[in-house]
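Notes follow once the structure below has been shown.
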Amino acid sequence: MISFIFRRCLLAIPTLLIISILGFVIIQLPEGDFLDRKIQELEEMYGDSSSLARIDELRARYGLDRPMWQQYISWISGFVVGDFGESFEYEREVNDLIWGRLGFTLLISVGSLIFTYSVAIPLGIYSASHQYQWSDHVLTFISFIGMSIPGFLLALALMVFFFEVFRIPLFGLFSAEFEGMPWSWNKGIDLIKHLWIPVIVVGLNGTAGLMRIMRGNLLDVLGQPFVQTARAKGLKESVVVVKHAVRIAINPLITIFGMSLPNILSGSTIVSIVLGLPTVGPLLLRSLLTEDIFLAGTLLMMFSLLLIIGNILADIALAWADPRIRL
Amino acid sequence: MRFSYSKNNKFISFIYFILVLSSCSQQIENQDQFTSTSGRDQLEAPLLARQVAQGSLPPLEDRLPETPLVAKHPFEGYEEEGIYGGVWHHMHTNTDLGSWKMIGGYAPIIRWNWACTDLEPGLAEAWAFNEDGSELTLKLRKGLKWSDGQPYTSASFAFWYELCLDDRHRYAPPVWCLVDGKPMTVETPDDWTIVMKFAGPNWLVPLWLATGFWWCEEYNIPEQFMKQYHPDHNSEYTDFVEFEKKNLSHRNENRPSLWPWKISKIDQGGFQIHLERNPYYYVVDDLGRQLPYIDKVVTSLVPESQVRVLKVLAGDVDCQFRSLELRDLSLFLEGRQKGNYKIKMWKSASGAEPAINLNWSDNDPVLRQLIRNQNFRKALSLGIDREKCNAIAYRGLLEPQAATVSEEAWHFVDKEGAALFDLWKKSDADFNLELGNRLLDDMGLTKRDEADYRVRPDGQRLSIVLDTPSSKNIVHENDIALIVAEGWEALGIEVVIYTPPGAELKLRRDLGEFTVHLHSEGEMDLFTYPDWVFPTSAKYWHPQVGKWYESGGTKGEAPTGVMKEFLDIYDQIKREKDLQKRHTLVQEAVKLHIDQGPFHLGTVGRMRMPIIVKNTFHNVPDEGILGPWAIVAPGISFPEQYYMDPQ
């Protein structure tokens, strides 16, 4: 088991290295650099870019006049020691910008995962054990709707609905009076009151899908001989389902856990942009649009890191749940 | 405090209840002698009066200059002298804080007046030229102070200019310091006098000092504070990297300021910026009370336009000038009552939204020759259905016209000027495909290819590439491009709409490698920003000739014919002492545009921009000109005299 974990962790290093090179190159593929973009944007918005005079000196200061591989080396060598470089757009250390936002991203993602699994598994079990009854049909109907509505649309609809009916503006993670205040009990409560919307919106798509998978797996397992045996032994139906069938049917869901992380992260990005949440999503989008290379590169690396860690955790959980994997 | 969330949660409501109770009791405690009076008899904000009483701040008379600047309010919408206090919630869209600096970042030595028809004193009380215009003397107000209490003197200006002459960093002498390529010299005989000496007449300098927030931001350097990061004054530093960073006003809350509100906290990585009143601010109201009235400003970075709309509808914004779109007007109108705000419509004063810029120096020699033919340009202009542009892109809220600068610009205020402007606005601005086709036929472009497009003299299909921005900041331009393309296709010209990703649009424009590109146009002062009418910069319809002028004749393409006439007129303007004569020269150039133009084609103009003002927010002008940046609206309306009802 230990060597299995060790091997998986070791494999992550070259994976990250390749991601960093690919990401860095792709970010810079569009013509021009950050300053060109910036000037273009200023002129589009205001018709004047005088505030950005003397562009060549700025370019030299940002190191944008050097070849791409040099920029990459200086960035990645800092990365190893936790210096992610400076964001051009925000004119401050990337370090200052991302940690708080990564925290909120993680909070929403983990919250969504918990929501997804804690809702999907019981409902899936219920649905399977009541196959073709009216309650199964209702749940199936709802889950298909859940699967087919894109997250951003749901977020927009909820936002408009709550605003029109209750006059509650749903954007952001804090009410205006708590924004920028130091942490306190009340601020925490305020956060929780805002958090449930993005958590549900991000999680809903996955929940619906997962519920269908749980139902299908369980139905497969319920038809197998060992379940018949358990029933023949005279065990209660609930014990047969939960202890014998679900134990086997849940294995694929653990694998899916690793695979659902990318969906959750990208889902939270889109929903964050719509709801104006202080997560890394809007920051990433903007930095990609403006070719703010160090910020975008760092965020991509952070996302990849989260994914890899999530996958390793899923692998470990699966190995733990199913001895066959460990071999 | 909002209760509505927690109706279904008794526990949370209980906590809220306790919180409200405790905050109420705090408020009662805070209502001491200074805030109990509600009237307009205090000469300074209660917040500051308390600090003076505690001894942590010098008394008002030591903080104000000997002769403070009295804020003017020659506009409808001004109600009365305000009450101190309040927090102004605002949104900015860009990390450079530009949209806020247009409000609270205008602290120039000389100011534009509200109507943009004259200059008036700012940090300087008076200024005067010598006989030949080669020497400008500025008299600063005595006793001006930075927000940290350090004196603002001529030494600040001298420090800045010394910095400009040093070439170890990114600061360099701005264009207006140069006459015939030679930089000015700055002398400071005493703390209150600045003498700028030029190599020749430089009559436009006062305009430059007054224009934009970016110039005053550049020349107003808190030299006492900044010296600690200067390698010559602090041996800790060997280069200017730290100096340049610390000198960014919107990134450094410690940098002293001359603004009405100084930045006090940069929060959440710059996503929320708090500003508080500058206790040493040099402007007073009619009663001699120190401005600003409003205590604090909180401005949040909201890059998403739909989130901005929602924030306005929710009443989260007290007063907002820029970054709201005309297309959301009906939503704003609908939400007025619930959001407790009113809408004031300001003018963009634009002459083209956008202008169709034809590259005078197209890389393709055949197209270049065609574009230099006046009849070809006229035909293109006649092929634009401006009514349709208006109806589709702007729901009929704008006016179809030829591409011009702002109608309100001070060059056209006299009767003659107004008549000329009217003529300019209407020249070749009809939609007339028949005449357009006839003009093209008369040029000899009669041959058509199998797809019924006209054939150029070299046998190729007559095809024009139209560059449009991919940015979501500009949604109208894509609509307009489609309508323009439709009209030109009807003239037998193939149109390819090209939307390059990223910065390619700018690179194409900078290198002059485009045929047609779109750009909004509007300008109040052509003396300082002449490039809309005169080919003085590598932009718009004259990238190569402008490059030639900018580089002093080393790059680009030397002007000939009418281009040379334009540049000669502008050089005359720079040397002309008499203001009226300068206006006449601008009008002469406009006549050239009418007679030999169009050089850039108009679509629609005169956009209105919605301004959101809470019903509890006062003294905001009912109407103003928000468009061109150079005049810094609403900064020229003295926003420090806006006030809010007490809570």
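Note on A:Phe141/A:Ile309: beta-carbon distance plugged into 1/(1 + (r/R0)^6) with R0 of 35 Å gives a FRET efficiency of 0.45. Give, to the nearest whole percent, the P(r) tail of the protein assembly as shown beyond 57 angstrom, counting all Cα pairs. When every Cα pair of the protein assembly as shown is considered, 20 percent fall beyond 57 Å.
For chymotrypsin sites (Phe, Trp or Tyr not before Pro), the sites in the stretch A:117-176 that DSSP calls loop and that have at most 14 other Cβ atoms within 10 Å are A:Tyr132. Under a 5 Å amide H cut-off, with hydrogens placed 1.01 Å from N, B:Lys342 pairs with B:Val613, B:Lys614, B:Asn615 among residues at least 5 apart or on other chains.
Can you put B:Thr185, B:Thr528 in order of Cβ neighbours within 10 angstrom, beginning with the fewest? Kindly include the intermediate steps, with their values, before the conclusion.
On the way: B:Thr185 14, B:Thr528 19.
Listing B:Thr185, B:Thr528 from fewest to most nearby Cβ atoms yields B:Thr185, B:Thr528.
Rank these for me by crowding, A:Met259, A:Met211, B:Met226, A:Met159, going from fewest to most other beta carbons within 10 Å. It would help to have the intermediate numbers written out before the result.
Values: A:Met259 12, A:Met211 27, B:Met226 19, A:Met159 22.
With the fewest neighbours first, A:Met259, A:Met211, B:Met226, A:Met159 line up as A:Met259, B:Met226, A:Met159, A:Met211.
Counting only DSSP beta bridges with both residues in the protein assembly as shown, the antiparallel share comes to about 75 percent. Here chain B carries DSSP beta bridges of which approximately 75% are antiparallel, counting only pairs with both residues inside.
A simple spin-label model places pseudo-atoms 7 Å from Cα toward Cβ; at B:Asp458 and A:Ile213 they are separated by 6.0 nm. Treating r as the C-beta distance of B:Glu187 and B:Lys246 and R0 as 30 Å, the FRET efficiency rounds to 0.60.
Each of B:Asp578 and B:Glu131 was given a label point 7 Å from its Cα along the Cα-to-Cβ line. The distance between the two points is 1.8 nm.
Summarising the label geometry, the points placed 7 Å from Cα in the beta-carbon direction at A:Ser238 and A:Ile192 lie 2.9 nm from one another. In terms of distances greater than 25 angstrom between alpha carbons, the cross-link table entries B:Lys388/B:Lys425; B:Lys101/B:Lys614; B:Lys101/B:Lys591 yield B:Lys101/B:Lys591. Shown is the FRET efficiency for A:Leu106 and A:Arg324, computed with R0 = 22 Å from the Cβ-Cβ distance and rounded to the nearest 0.05: 0.10. Ranked by how many other Cβ atoms sit within 10 Å of their own Cβ, fewest first, the residues A:Ile121, B:Ile611 fall in the order A:Ile121, B:Ile611. Which of B:Lys344/B:Lys415; B:Lys245/B:Lys506; B:Lys182/B:Lys547; B:Lys72/B:Lys347; A:Lys187/B:Lys262 have a Cα-Cα distance over 22 Å? Pairs exceeding the cut-off: B:Lys344/B:Lys415; B:Lys245/B:Lys506; A:Lys187/B:Lys262. For B:Lys145, the amide hydrogen comes within under 5 Å of the amide hydrogens of B:Tyr152, counting only partners 5 or more places away or on other chains and with H modelled in the peptide plane. 3J(HN,Hα) along the stretch B:211-216, derived from phi through the Karplus expression 6.51 cos²θ - 1.76 cosθ + 1.60 where θ = phi - 60°, amounts to 8, x, 7, 6, 6, 5 Hz, with x in place of Gly and Pro. Remark on chain B: Rg and Dmax equal 27.3, 88 Å (Cα only). Computed extension length for B:Asp239-B:Asp414: 57.7 nm, one decimal, from 0.36 nm per residue of separation with the Cα-Cα distance subtracted. Summarising the amide proton neighbourhood of B:Ser350: residues at separation of 5 or more, or on other chains, whose placed amide H is nearer than 5 Å comprise B:Arg606, B:Met607. Phi angles of the stretch B:258-264 translate, via the Karplus equation with coefficients 6.51, -1.76, 1.60 and θ = phi - 60°, into HN-Hα couplings of 10, 6, x, 10, 9, 5, 10 Hz per residue; Gly and Pro are given as x. Our coupling estimate for the stretch A:211-219, obtained by passing each phi through the Karplus curve with A = 6.51, B = -1.76, C = 1.60 and θ = phi - 60°, is 4, 5, 5, 4, 4, x, 4, 5, 4 Hz, Gly and Pro reported as x. Report the paramagnetic label zone for B:Arg448: residues of the stretch B:481-522 whose backbone N is under 14 Å from a point 7 Å from Cα along the Cα-to-Cβ axis. B:489-494, by backbone N distance to the label point. Ignoring lysines fewer than eight residues from B:Lys139 along the same chain, the ones with Cα atoms less than 19 angstrom from its Cα are B:Lys197. From zero outward in steps of 20 Å, how is the percent of C-alpha pairs of chain A spread across the bins? Taking every Cα pair in chain A, the percentages come to 25, 49, 22, 3, 0.
Every read-out reported here was derived from the displayed coordinates using simple, explicitly stated rules and does not represent laboratory data. Bear in mind the structure is a predicted one, so any value in this text is a computation, not a measurement. Counting neighbours? That spans all protein chains shown, and the Cβs are built from the backbone with ideal geometry, glycine included.
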